[in-house]
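Enquirer: Please read through the structure below; I'll follow up with questions.
The values are calculated or read from the model by the stated rules, or taken from the named source; none is laboratory data. Quantities reported herein were computed from a predicted structural model and do not represent experimental measurements. Backbone-built Cβ (ideal geometry, glycine too); neighbour counts: all protein chains shown. We work out accessible area using only protein heavy atoms, side chains counted, and drop any ligands, DNA or RNA first. Shrake-Rupley method; radii C 1.70, N 1.55, O 1.52, S 1.80 Å.
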Amino acid sequence: MLLPIRTDSPLRSTPWMNWGIILLNIIVFAFARRDPSVMDPYLLSARDPALLDYFTYALFHGSVWHLLGNMLFLYIFGNNVNDKLGHVGYLGFYLAGGVFAGIGHVLTQSTI
């Protein structure tokens, strides 16, 4: 398996928002590992989806490998996207990705 470690596209600015999102994901994972019940109010349920859950569920990861894989991808490719969109634009893009993934999740889950 081949894992990239960076891109060859130079950055024009420091991708603070991307680094902040990565750090937030790691902090949420650490809290959820200590007390898994902390996640319950924020998980996205296909039966009863709440608006806030479309944003919060994207911060939860099922395992250390899941977290590491996602954060590696975010670190490698997110830095350049953050650089191109700016901090606020990148945050909006990241949140929109979570919302659209959540919509797909809800639409494909059986509610029976």
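Enquirer: So, in the range 35-88, of the ones that are hydroxyl-bearing (Ser, Thr, Tyr) and over 23 Å from Ile103 (Cβ atoms), which residue ends up least open to solvent (accessible area, probe 1.4 Å)?
Expert: Ranking the candidates gives Ser63 first.
Enquirer: I'd like to check something: does the range 62-69 contain any residue that is in contact with a Lys or Arg (Cβ under 9 Å, 6 or more places away or on another chain) and within 20 Å of Pro36 (Cβ to Cβ)?
Expert: Yes - at least one qualifying residue is present in the range 62-69.
Enquirer: Of the conditions (1) modelled with pLDDT of 90 or more; (2) more than 10 Å from the chain's Cα centre (by Cα), Ser110 fails just one. Which one is it?
Expert: (1)
Enquirer: To continue, here is another question. Among the numbered criteria (1) closer than 23 Å to Ala46 by Cα; (2) assigned to a helix (DSSP H, G or I), which single criterion is violated by Ser110?
Expert: Looking at each condition in turn, Ser110 falls short on (2).
Enquirer: To continue, here is another question. Taking the range 70-92, which residues are of a type in the set (A, V, I, L, M, F, W, C) and under 11 Å from the mean Cα position of the chain (by Cα)?
Expert: Those that are of a type in the set (A, V, I, L, M, F, W, C) and under 11 Å from the mean Cα position of the chain (by Cα): Met71, Phe73, Leu74, Leu91.
Enquirer: Kindly indicate which of Ala32, Ala96 is modelled with pLDDT under 90 and open to solvent by less than 50 Å² (accessible area, probe 1.4 Å).
Expert: None of the other options fit; the residue is Ala32.
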